[in-house]
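S.K.: Just dropping this structure here.
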Amino acid sequence: MSQPFTFSHRVRQVPAALSIHINEIVYAQKRRGFDITTLSLGEAFFDLPLFDFRKIDFVKGYHYSDSQGLPELRRLILEFYASQYGCELHGGEEVMITAGSKAAIYMAMLATVNAGEEVLIHEPAWLSYQEHARLVDATPRFIPFATPIERFGDYLGERARMLIINNPNNPAGRLYSADDLRALVALCRERNVWLLVDEAYSDFLQPGLFRSALDFDPERRTVIIANSLSKNMGMSGWRIGYLIAHPDLIAQVLKLNQHIITCAPTVLQAYLVKYFHSIIGITLPQALEVVAKRERVAAKMREMGITHMPGCGTFYFFVSIGDFPASSLDLSLYLLLFHNIATVSGSAYGASTERFLRISIGTETEERIADALAVIRNVLHARPDVAPLVANKLRESGFSTFQATHD
């Protein structure tokens with residue numbers, strides 16, 4: 001009999017991404033002919049034309065380019081931060097472009113956090129932060145969602161090396177204020193802790209509300225910024241993200257980029273250089289339309305008596321399920337398998353937020369969203385015993401059960 005495979009403890013301790021697990025079921029159900037109201041995708045669909053690839057050097061795009069990113073694209077990012085957010089950057093050496101902001105965050109963690117140190121994460125938190133920490137042999141620690149900023153220091157012990165926030169927040173839409181950011185930068189500097197701020201939803205806010213944490217760390221001694229052109233530009237499949245940090249840190253992360261990725265896709269960077277301003281001119285107004293849509297959906301929720309965490313940005317809501325007699329994962333799967341409504345359970349985003357569902361409004365019409373919300377409200381009121389129904393349906397449909405535990 002053959003021996004079982006042996007895998008590293010780093011991989012064995014990391015579960016699959018729950019949001020992606022849900023969406024894999026969505027894709028399978030759609031292939032089977034089900035009409036799924038998809039409130040689970042972490043993206044907004046923009047109406048974006050195909051600009052002419054023939055106007056860039058397409059042949060050059062077949063080949064490697066600068067590992068740090070095309071200088072022209074880094075310059076455009078600098079200019080955008082200055083014009084859009086009023087945030088002055090010091091030069092292209094503060095920026096590194098890579099294949100998506102996920103890779104940027106992971107490599108930043110590899111460059112700054114040692115095995116056995118702690119990464120502090122404010123809940124609700126994007127689910128990959130804690131797994132990135134485990135993959136660098138660090139220990140993720142969590143700050144419950146209701147903790148006020150002035151109490152964050154209570155969670156920063158001697159082994160703390162990094163604090164992560166997402167501003168504005170996925171999944172709740174919370175915006176950290178200028179005072180919040182100022183206090184966190186001061187706290188992290190005092191404790192010799194990096195503050196990594198994921199700003200991937202920075203354009204999904206009303207104008208003038210967003211402040212980059214860079215404004216409060218002009219010497220770049222504390223703050224690391226991760227952001228995503230592909231997310232803000234509605235091109236999530238293109239995987240173009242970037243880091244902004246002190247040039248000394250960028251130099252360390254660049255070594256990792258060289259060994260792991262080499263460079264972000266050359267042809268896509270060239271396309272963004274050529275059409276950057278044209279794309280922004282089309283997508284920024286649509287991002288603002290998404291924010292206005294968010295406000296209308298929030299009003300609909302109030303009308304229906306559905307409660308959610310406060311927030312003013314992104315295209316997400318974190319909806320409370322109260323004392324519903326099942327886990328948020330079972331409820332999410334029940335809505336998907338029995339009502340064709342895809343959401344993500346709050347358990348994916350932290351232990352303190354298990355009693356919530358994440359709802360994304362970026363990909364569906366307001367009419368379909370309203371219909372789905374009515375179903376969710378009715379299910380919450382009816383309080384069916386969904387756990388055994390879900391278990392049976394998963395088996396009948398051939399879907400695996402999500403494994404959320406760590407070794």
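The values are calculated or read from the model by the stated rules, or taken from the named source; none is laboratory data. Not measured: the values here are computed from a predicted model. Glycine also receives a Cβ, built like all others from the backbone with ideal geometry; neighbour counts cover every protein chain displayed.
S.K.: Residue under question is Y62, and the condition is that it be closer than 30 Å to A251 by Cβ, at pLDDT 90 or above, of a type in the set (S, T, Y) and surrounded by fewer than 21 Cβ atoms within 10 Å (Cβ to Cβ); does it hold?
M.R.: Yes, satisfied.
S.K.: Could I ask something else about it? Of I261, I282, I244, which residue is outside the structural domain of N167 (by TED's automatic domain parsing) and under 30 Å from F58 (Cα atoms)?
M.R.: One residue alone meets the criteria, I282.
S.K.: Report, ordered by the first and then the second residue, all pairs with beta carbons closer than 7 Å, sequence separation of six or more or different chains, a first member in the stretch 342-367 that is within 16 Å of G322 (Cβ to Cβ), and a second member that is of a type in the set (K, R) and in a strand (DSSP E or B).
M.R.: Between residues of the stretch 342-367 that are within 16 Å of G322 (Cβ to Cβ) and residues that are of a type in the set (K, R) and in a strand (DSSP E or B), the close pairs are T343/R358; G346/R358.
S.K.: A follow-up question, please. In the stretch 30-45, which residue that is closer than 23 Å to Y316 by Cα and over 23 Å from the mean Cα position of the chain (by Cα) is surrounded by the fewest Cβ atoms within 10 Å (Cβ to Cβ)?
M.R.: Looking at residues that are closer than 23 Å to Y316 by Cα and over 23 Å from the mean Cα position of the chain (by Cα), I get D35.
S.K.: Please work out which one of (1) modelled with pLDDT of 95 or more; (2) more than 16 Å from the chain's Cα centre (by Cα); (3) closer than 30 Å to E367 by Cα; (4) of a type in the set (A, V, I, L, M) is the condition L48 fails and give its number.
M.R.: Condition (1) is where L48 drops out.
S.K.: Now, a different point. Please determine whether any residue of the stretch 318-332 is modelled with pLDDT under 95, surrounded by fewer than 21 Cβ atoms within 10 Å (Cβ to Cβ), not assigned by TED's automatic domain parsing to the domain that holds F204 and not polar (S, T, N, Q).
M.R.: Checking the stretch 318-332: not a single residue is modelled with pLDDT under 95, surrounded by fewer than 21 Cβ atoms within 10 Å (Cβ to Cβ), not assigned by TED's automatic domain parsing to the domain that holds F204 and not polar (S, T, N, Q).
S.K.: Give just the number: which of (1) outside any helix (DSSP H, G or I); (2) more than 23 Å from the chain's Cα centre (by Cα) does R368 not satisfy?
M.R.: Condition (1) is where R368 drops out.
Residues checked against (1) in contact (Cβ under 8 Å) with a residue 12 or more places away in the chain; (2) in a loop (DSSP other than H, G, I, E, B):
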{"site": "F51", "(1), (2)": "yes, yes"}
{"site": "S65", "(1), (2)": "yes, yes"}
{"site": "G69", "(1), (2)": "yes, yes"}
{"site": "A82", "(1), (2)": "no, no"}
{"site": "A103", "(1), (2)": "yes, no"}
{"site": "N114", "(1), (2)": "yes, yes"}
{"site": "F142", "(1), (2)": "yes, no"}
{"site": "F152", "(1), (2)": "yes, no"}
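S.K.: Answer yes or no: is there a residue in the stretch 285-296 that is closer than 21 Å to R355 by Cα and either touching a strand residue (DSSP E or B) at 6+ places or on another chain (Cβ under 9 Å) or without any contact (Cβ under 8 Å) to a residue 12 or more places away in the chain (or both).
M.R.: no
S.K.: In this structure, does A183 turn out to be over 24 Å from G42 (Cβ atoms) and of a type outside the set (D, E, K, R)?
M.R.: yes
S.K.: In the stretch 1-39, what residues are among the basic types (K, R) and assigned to a loop (DSSP other than H, G, I, E, B)?
M.R.: R32
S.K.: I would also like to ask the following. Please identify the pairs in which a residue from the stretch 181-196 that is in a helix (DSSP H, G or I) has its Cβ atom under 7 Å from the Cβ atom of a residue that is crowded, with 18+ Cβ neighbours inside 10 Å and of a type in the set (F, W, Y), counting only partners at least 6 apart or on another chain.
M.R.: L181/F216; R182/F216; L184/F152; V185/F216; L187/F152; C188/W194
S.K.: Turning to a different aspect of this structure: Return yes when E131 is under 22 Å from Q252 (Cα atoms) and touching a Lys or Arg at 6+ places or on another chain (Cβ under 8 Å) and no when it is not.
M.R.: The answer is no for E131.
S.K.: Also, quick follow-up: With S202, S230 as the choices, which residue is outside any helix (DSSP H, G or I), in contact (Cβ under 8 Å) with a residue 60 or more places away in the chain and of a type in the set (S, T, Y)?
M.R.: Among S202, S230, only S202 is outside any helix (DSSP H, G or I), in contact (Cβ under 8 Å) with a residue 60 or more places away in the chain and of a type in the set (S, T, Y).
S.K.: Which residues, counting only those in the stretch 311-340, are under 21 Å from E295 (Cα atoms) and either not in a loop (DSSP other than H, G, I, E, B) or not hydrophobic (A, V, I, L, M, F, W, C) (or both)?
M.R.: Residues satisfying the conditions are G311, G313, T314, Y316, F317, F318, V319, S320.
S.K.: Considering (1) over 23 Å from E94 (Cα atoms); (2) crowded, with 22+ Cβ neighbours inside 10 Å; (3) in contact with a helix residue (DSSP H, G or I) (Cβ under 7 Å, 6 or more places away or on another chain), say which one Q206 fails and leave the rest.
M.R.: Condition (2) is where Q206 drops out.
S.K.: Anything in the stretch 337-358 that is more than 21 Å from A28 (Cβ to Cβ) and either crowded, with 24+ Cβ neighbours inside 10 Å or of a type in the set (K, R) (or both)? List them, or say none.
M.R.: The answer is G346, Y349, T353, R355, F356.
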